[in-house]
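The values are calculated or read from the model by the stated rules, or taken from the named source; none is laboratory data. Source: prediction; values computed, not measured. Here the Cβ positions follow ideal geometry from the backbone for every residue, glycine too, while neighbour counts run over all protein chains shown.
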Amino acid sequence: MTNKRQFVFDTNVLISAFLFNQSKPRQGLDKAQEIGVVILSNSVFSELEEVLFRRKFDRYITVERRKELLENLTQTAQFIDVTEQIYECRDPKDNKYLELAVNGKAECIVTGDNDLLVLNPFQGIAILTVQGFLVLY
């Protein structure tokens with residue numbers, strides 16, 4: 001386990017960070033990697049990989065660049081084993097972010113998803129928009 005500050009970014013924020021270099025999501029991801037580490041679980045990474053390789057993104061980013069971005073993320077992120085399952089989110093597909101944050105002892109979750117934002121804070125973990133993250137950090 002690392003002593004670094006740990007942050008969870010949801011798939012949509014990571015995709016936006018990957019696609020738009022000057023975006024707030026990119027700034028947030030860069031800041032998180034500067035002051036701590038992004039944590040991932042197998043389920044979060046699988047979702048990210050599946051969404052990132054959807055054809056609708058072909059006009060924005062090459063397949064090769066997507067592979068590079070995922071490789072870079074896996075080299076800088078810390079993978080967390082999820083042992084405690086959570087069933088608190090009104091959208092069950094988003095429970096994986098709560099599970100990752102709790103199991104990885106994250107400082108916060110960065111998301112634009114109202115199903116997660118409405119839970120802020122969750123078990124002492126802040127759930128922030130990208131803008132909120134940038135203001136606080």
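Summary table
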quantity	calculated
Matching residues in region 112-124 - criterion: being under 22 Å from Ser16 (Cα atoms) and surrounded by 17 or more Cβ atoms within 10 Å (Cβ to Cβ)	Asp113, Leu116
Residue tally, condition farther than 22 Å from Ile15 by Cβ and assigned to a loop (DSSP other than H, G, I, E, B), over region 109-123	2
Matching option when the condition is exposed (fewer than 11 other Cβ atoms within 10 Å of the Cβ) and on the phi < 0 side of the Ramachandran plot, among Tyr87, Tyr97	Tyr87
Residues of region 124-137 satisfying the condition of being in a loop (DSSP other than H, G, I, E, B) and in contact with a helix residue (DSSP H, G or I) (Cβ under 6 Å, 6 or more places away or on another chain)	Tyr137
Candidate set: region 1-17, residues that are at pLDDT 95 or above and of a type in the set (Ser, Thr, Tyr); chosen: the one surrounded by the most Cβ atoms within 10 Å (Cβ to Cβ)	Thr11
Given (1) among the hydrophobic types (A, V, I, L, M, F, W, C); (2) surrounded by 12 or more Cβ atoms within 10 Å (Cβ to Cβ); (3) over 13 Å from the mean Cα position of the chain (by Cα), index of the condition Leu70 fails	(3)
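Quick grid of which residues meet (1) touching a residue at least 60 places away in the same chain (Cβ under 8 Å); (2) more than 24 Å from Phe18 (Cα to Cα):
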position: Gln75; (1), (2): no, no
position: Tyr87; (1), (2): no, yes
position: Leu98; (1), (2): no, no
position: Val102; (1), (2): no, yes
position: Glu107; (1), (2): yes, no
position: Val110; (1), (2): yes, no
position: Ala126; (1), (2): no, no
position: Gln131; (1), (2): yes, no
